[in-house]
Amino acid sequence: MTLGIPGFEPRRVPVADGVELTTAVGGSGTPVVLLHGFPQTHLMWRHVAADLAADHTVICPDLRGYGASDKPADSDGTAYAKRTMAADVVALARALGHERFALAGHDRGALVAFRAGLDHPERVTHLALLDILPTLDMWDVLHGVSAAVAFHLYLTAQPPGLPERMIAAAADDFFGYFLDAWTRDPEALPADVRAAYLAASRAAVPSIVADYRASAGIDVTHDRADRDAGHQLGMPVTVLQQDWGAALGYDAAALWRAWAPDLRHTTVACGHFMAEEDPEEVARALRELLMR
């Protein structure tokens with residue numbers, strides 16, 4: 001049985017040449033797009049999406065390269081640039097009838113949302129980013145042995161070939177490691193949901209690696225150009241994060257404020273998968289954001 005969000009309609013929506021996103025749509029009202037993280041699918045939003053659907057049209061896609069969405073080959077290093085994936089999101093919303101929308105992303109989806117906010121400020125009305133730093137800042141704060149917590153970033157940054165083979169050889173162990181290590185409340189990921197995430201990731205190793213590889217290459221180039229030009233996020237921004245700053249020695253709120261002048265930054269007590277571990281807090285934060 002395929003898991004889904006109760007009351008949400010599954011859709012296949014073309015967003016680019018040869019690329020369709022599998023998307024769950026529910027509710028009615030002003031639109032909110034929710035982007036999932038790694039190693040997950042849109043299913044991670046099931047609790048929050050159901051809450052928001054009482055007042056909003058909620059759009060939950062699988063990102064390109066993930067879940068049941070299309071997984072184009074990355075022939076030139078741009079197919080999984082966050083700029084490309086952000087353009088998917090804008091095209092998705094437009095195809096569903098929304099020229100402007102609020103946007104929330106977790107983990108990899110938050111990097112896509114961040115890029116969408118910079119590239120398409122006329123489209124994104126409000127922006128929520130869950131448990132990331134911008135790509136440039138992420139690389140800057142990883143030093144010495146403390147960087148071992150992000151070993152996968154370095155593995156997937158390597159040229160195509162070896163990372164894909166290594167991960168595919170033990171895919172469930174690799175992806176399951178993060179599902180276990182990053183969760184403070186294991187019950188937040190029931191066995192059927194965990195199995196769905198593993199199956200989806202196992203079937204998407206090349207595209208997931210390509211997504212991460214872009215964050216060690218073309219995404220850095222794009223973010224550096226924006227930082228050098230002084231570009232910022234002009235819309236209201238909410239950031240929810242674990243206290244990684246205390247662990248790695250940086251001021252997370254200060255790093256974010258350089259990008260987002262209209263910022264509300266909150267440190268959460270739950271684990272990385274906060275939309276599943278503490279959906280009430282996440283939904284409340286999103287509702288507060290939408291009132292700004």
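The values are calculated or read from the model by the stated rules, or taken from the named source; none is laboratory data. Source: prediction; values computed, not measured. Backbone-built Cβ (ideal geometry, glycine too); neighbour counts: all protein chains shown. Please note that ligands, DNA and RNA were not included when accessible areas were found on the heavy atoms of the full protein model with its side chains. Shrake-Rupley method; radii C 1.70, N 1.55, O 1.52, S 1.80 Å.
Quick notes on this one:
- Meets criteria (open to solvent by 20 Å² or more (accessible area, probe 1.4 Å) and within 19 Å of the chain's Cα centre (by Cα)) for residue 178: no
- Strands (runs of 3 or more DSSP E) (entirely within the range 15-65) containing at least 1 residues that are in contact with a Ser or Thr (Cβ under 6 Å, 6 or more places away or on another chain) and farther than 15 Å from residue 204 by Cβ: 30-35, 56-61
- Of 41, 23, 57, 30, all but one fail to be of a type in the set (S, T, N, Q), open to solvent by less than 10 Å² (accessible area, probe 1.4 Å), within 24 Å of residue 238 (Cβ to Cβ) and at pLDDT 95 or above; the exception is 23.
- Residue 163 falls short of the stated requirement of being over 23 Å from residue 250 (Cα atoms), without any contact (Cβ under 8 Å) to a residue 40 or more places away in the chain and not hydroxyl-bearing (Ser, Thr, Tyr).
- Filtering the range 198-233 to residues that are among the hydroxyl-bearing types (Ser, Thr, Tyr) and in contact (Cβ under 8 Å) with a residue 24 or more places away in the chain leaves 201, 207, 212, 215.
- Taking the numbered list (1) under 19 Å from residue 236 (Cα atoms); (2) buried (at least 24 other Cβ atoms within 10 Å of the Cβ) in turn, residue 82 passes all entries but (1).
- Filter result for residue 91 (surrounded by 16 or more Cβ atoms within 10 Å (Cβ to Cβ), small (Gly, Ala, Ser), touching a strand residue (DSSP E or B) at 6+ places or on another chain (Cβ under 9 Å) and at pLDDT 95 or above): yes
- Of all the listed residues (243, 192), the sole one being in contact with a strand residue (DSSP E or B) (Cβ under 8 Å, 6 or more places away or on another chain), on the phi < 0 side of the Ramachandran plot and not hydroxyl-bearing (Ser, Thr, Tyr) is 243.
- Residue in the range 234-277 that is surrounded by the fewest Cβ atoms within 10 Å (Cβ to Cβ), counting only those that are part of a strand (DSSP E or B), of a type in the set (S, T, N, Q) and touching a residue at least 40 places away in the same chain (Cβ under 8 Å): 241
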